[in-house]
Each structure stands twice: as C-alpha cells, then as structure tokens.
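The values are calculated or read from the model by the stated rules, or taken from the named source; none is laboratory data. None of these values were measured; they are calculated from a predicted model. When we count neighbours, we look across all protein chains shown, and the Cβ atoms used for this are built from the backbone with ideal geometry, even at glycine. Surface accessibility is based on the protein's heavy atoms, side chains included, excluding ligands, DNA and RNA. Shrake-Rupley method; radii C 1.70, N 1.55, O 1.52, S 1.80 Å.
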Amino acid sequence: MASQGFWFGAENTGGSPSQSPNTPRAWCQAAAQKFSGGIGSKLCAHPRYFNQLSTGLDMVGLAADWLTSTANTNMFTYEVAPVFVLLEYVTLKKMREIIGWQDGRGDGIFSPGGAISNMYAMLLARYKMFPEVKEKGMSSVPRLVAFTSEHSHFSIKKGAAALGIGTESVICIKVDERGKMIPSDLERRIVEAKQKGDVPFFVSATAGTTVYGAFDPLIAIADICKKYEIWMHVDGAWGGSLLMSRKHRWKLNGVERANSMTWNPHKMMAVPLQCSALLVREEGLMQSCNQMQACYLFQQDKHYDLSYDTGDKALQCGRHVDIFKLWLMWRAKPQHTNVCFWYLPPGVRCLEDKVEKMKRLHKVAPVIKARMMEYGTTMVSYQPQGDKVNFFRMVISNPAATFADIDFLIEEIERLGQDL
C-alpha cells in the first residue's frame, strides 16, 4: 500500500489533507481522480501535453489493451497465443508491404520499444557479416564500426555498448542546418574507417529525428550502403508512420532499399504504449541469428508450422502481446509535427550584447517549464542542440489536441515568461 503522503491536497477535505483510501474500489476511484487532474500529474493523454513523442489515448487501443491483459498470455509459441501470433504475422507482413518490400516478404517482430528494435537491427547486421560471432563472440571478428547522424537517437550507441561493439565504434556523421545527415560526410568517414583497417557494418539513417523531426536523405544513403556493402537500417520510430500518408510518404523515399526498419506505432499513430516493430527484409535471418531451440518450448515435431513459434527468433523468452491494439486501430489517422522555437521575454528581446542575450535566453525555457509544472496547465519539452541554447521542442501527436490547445500553450508561455 502506498504511503499516505501520496494523497496530498485538500480539495475534498475543507483544507485538511485527504486520507488514504481504505478499500480497493476507493483506491481505484481516488487514483483515477488524482491522475485525471492537471498536466503536473504527467497524464500524457491531455490535449495540452506536448512534452514527448508518445501522447494521446485512443479508446479502441485502450479497450484492446484491457482485453490483452485479460488474456494474460505469452507470444513465444503458437499453442499458447494462436490468435495473437497470427495477427502479428499478418500485420507485420502488411507493414513490410507498405515499406515497399515485394509481396511483404521478410521478417519482423514487436519489441519492447524503439531502442530494442534498433539493437535488434545492429545484432542482425553483425550476424549477417560475421555469423561466427554468435558462438565465438567479438574476439573472433575484426573491429566493427557503425555510422549514424549527430542527431540520431542515443539508442544506437546504447545498442553498440550492449552488444560489446562499444560506443567509440559508433561514428557520428555531420548534419546540415535542418538536421539531416550529410551523405558526403558519411562516405568520407566510411573510407577513413576502411583505411584504418576497421570494418563498416551498419549505417542507421533516421526518419524523424527526436528533436528537429528531420528525415535523412535515404536514397543517397542507400547508394552509399550499396557501394560499400553495408547494412542499411532506418530508424523510423518517430517518422515511420508517415508511410501511411499519401501526402507525406515521400519523406521516406528510399526506405524500400533498407535492410531493416524500426517503426513505432505507439508514437505518431497514438497506439497505447508499448508498440514497436522491427521489420527485416531478409526472411529467416532473425531465426538463425537468435534461435537456441530450447526443447521444452520449441519441439521440432509439433503438428503445426514451427515458424509460428516466434519466441525462438526473439531475444526475449516471455514477450508481451503488443499487436492486438494496433490491429484494432489499423484505420487510425496518424498525426505528425515537431515545432522547435525560442520565446524571447521582454527582458531579453532588446539586449544588444549577443553573448549576454544567448546566456539569458538559455535560462528562459527551464524557468517557464518549471512554472508550467507548478501550475499544472500544460507541458512542453526543452533542450539545447549543438550551438543552439535551450529552446522549446513542441511535439504534436495527440489527436485530441485542437488549435485552441496550441494557442493556449503559446499564450501560457508568454504569461509565465513576462517577468524574465
């Protein structure tokens, strides 16, 4: 039971702190009341929550999540989750068709998040080039190097660390003023690595960077990967859902040439957390890379197609059912935009000393964010990037957000920053 300190506030008690609920029903009701309050409660479904890439709450997805929890089954074998395994099979095939792989051929799996999906891709790329690493380890292969943009997600380096490749073996490629990877710099760094005797094995392009929402030039990157015979991965955790859009799909032109792709429906498509897919162009590679053929789960003389026992191609044994909510929500319309901006309060606007102005401006966003948290009215993220001081990073992926909510955010930033 949680401490009584959680039940802060005096709104229902005439000025005195509220008492802890003493029955399960009362706990549920009280928790719902607490967490449906202001933005300070971290309720990501609130239409004025612009803080993270995963926002919103779809009722169809929520209902599917409840049913999934009620079933309380595991995705490792067909015999214990036949319907969910088949739903995953057909949905992943459809996603591969949307990428542009012929007849939806290939493989894939739903993982605990984009970071794990990206690590899966790096694992497969290493195995594809050096299959002996599975049994003999990193001592059996030369020094491997991976490439990704300066603005890519930190999970690329984290995956390299987890796989024993090392963060120093991840080479960050320069980006242009819009945050897109510069292909000429990628090729230059590949050539340099080869001259040192290192082995380039993996390039991760980003479709929708975390901060700017930038899309790397996939066609140019694919040309380079083909030229040097390097695995091309597309981290589309944020922007991958634009493949569902006739209007914006062009931003991912060239993705069909990738060897693998990460796609997180729990971001732009507002599927309840968690729902992340890794899509792989080569069929059977995940199985040969990861299988251990545990005889108590994956018997080879079962009466059905053994490819439906997906647990042997996954790193996990137990795996949560993440497919049902996406399958039910398949007709949902995606939303997408990142908006990065500074707010210049009155005390900063007229400063002529540029150094002092940037120094003062760097402190503005953290103060306003802290005041937002105190008032509980709205929430938006901030951060620095390269030589740019702290700016607001507004993420709109919640279908419940209206123009009025966005107007409110701007007005609230101005109100909270008037004295700065």
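State to the nearest 20 debye the size of the charge dipole of the stretch 225-355 about its Cα centre, where the only charges are +1 on K and R beta carbons and -1 on D and E beta carbons.
Rounded to the nearest 20 debye, it is 740 debye.
Residues whose amide H lies under 5 Å from that of residue 258, counting only those 5 or more places away or on a different chain, are absent; hydrogens are built 1.01 Å from N in the peptide plane.
Which of (i) 23.1; (ii) 25.3; (iii) 20.0 is the computed mean projected area of the Cα convex hull in nm² for the structure on display? The listed entry that was calculated here is (ii). What the Cβ-Cβ distance of residue 308 and residue 402 gives, at R0 = 45 Å and to the nearest 0.05, is a FRET efficiency of 0.55.
How big is the gap, in Å, between the Cα center of the stretch 56-86 and the Cα center of the stretch 188-224? Each part's Cα centre sits 36 Å from the other's. When you filter the GluC sites (Glu not before Pro) in the stretch 298-376 for DSSP loop state and at most 14 other Cβ atoms inside 10 Å of their Cβ, you are left with 352. Averaging the sequence gap over all C-alpha pairs within less than 8 Å and six or more residues apart, then dividing by the number of residues, gives the stretch 338-416 a relative contact order of 36 percent.
Taken along the Cα-to-beta-carbon direction at a fixed 7 Å, the label points for residue 317 and residue 134 span 1.9 nm. Annotation: amide H-H contacts under 5 Å for residue 75 (H modelled 1.01 Å from N, sequence separation of 5 or more, or interchain): 319. For residue 232, the accessible area of its heavy atoms, probed at 1.4 Å with every protein chain present, is near 0 square angstrom. Considering only 373, 116, 86, the residue lying farthest towards the positive end of the dipole of the chain is 373, judged by Cα position with unit charges set on Cβ. The mean sequence distance of close C-alpha pairs (under 8 Å, at least 6 residues apart), as a share of the length of the stretch 205-262, puts its relative contact order at 41 percent.
For the stretch 67-331, the relative contact order works out to 26 percent when only alpha carbon pairs closer than 8 Å and six or more residues apart are counted. So for the chain, taking the charge dipole from beta-carbon charges (+1 Lys/Arg, -1 Asp/Glu), which of 67, 137, 294 sits furthest toward the positive end? Farthest towards the positive pole: 137.
Accessible area of residue 101 (1.4 Å probe, protein heavy atoms only, ligands and nucleic acids ignored): about 10 Å². Diagonalising the gyration tensor over the Cα atoms of the stretch 259-342 and scaling each eigenvalue by 5 before taking the square root yields semi-axes of 33, 15, 12 Å, largest first. Applying the Karplus relation 6.51 cos²θ - 1.76 cosθ + 1.60 with θ = phi - 60° to the stretch 358-366 yields 3J(HN,Hα) values of 5, 4, 5, 4, 4, 8, 5, 4, x Hz, where x marks Gly and Pro. If I take all pairs of Cα atoms in the stretch 338-416, what percentage of them are more than 14 Å from each other? I get 63 percent for the Cα pairs in the stretch 338-416 exceeding 14 Å.
For the stretch 304-310, backbone phi angles converted through the Karplus equation (6.51, -1.76, 1.60; θ = phi - 60°) give residue-by-residue couplings of 10, 5, 5, 5, 7, 7, 6 Hz, Gly and Pro being listed as x. Taking the average, over residues, of other Cβ atoms within 10 Å as the packing measure, peptides 130-137, 395-402, 409-416 rank 395-402, 409-416, 130-137 from highest down.
In what sequence, highest mean first, do 233-244, 269-280 appear when ranked by Cβ atoms within 10 angstrom?
233-244, 269-280
Scaled against 2.2 N^0.38 Å for its residue count N, the alpha carbon radius of gyration of the stretch 71-132 is 1.31.
Relative to the Cα centre, the charge distribution of the stretch 338-416, modelled as +1 at Lys and Arg Cβ and -1 at Asp and Glu Cβ, gives a dipole magnitude of about 320 debye.
Find the centroid of the Cα atoms in the stretch 227-265 and in the stretch 376-412, then give the distance between the two in whole Å. Distance between centres, Cα-based: 26 Å. Dipole magnitude for the chain: computed about the Cα centre from +1 point charges on Lys and Arg Cβ and -1 point charges on Asp and Glu Cβ, it is near 500 debye.
Whole number in Å², please: accessible area per residue of the chain, 1.4 Å probe, ligands, DNA and RNA not counted. Don't skip to the answer; put the middle values down first.
On the way: 20510 Å² over 420 residues.
Each residue of the chain exposes 49 Å² on average to a 1.4 Å probe.
Taking every alpha-carbon pair in the stretch 107-255 and binning the separations at 10 Å intervals from zero gives 11, 43, 35, 9, 1 percent.
Amide H to amide H, with H built 1.01 Å from N, residue 391 comes under 5 Å of 383, counting only residues 5 or more places away or on other chains.
Given the options 303, 261, 236, identify the residue whose Cα lies farthest towards the positive end of the charge dipole of the stretch 210-341 (+1 on Cβ of Lys, Arg; -1 on Cβ of Asp, Glu). Sorting the options by dipole projection puts first 236.
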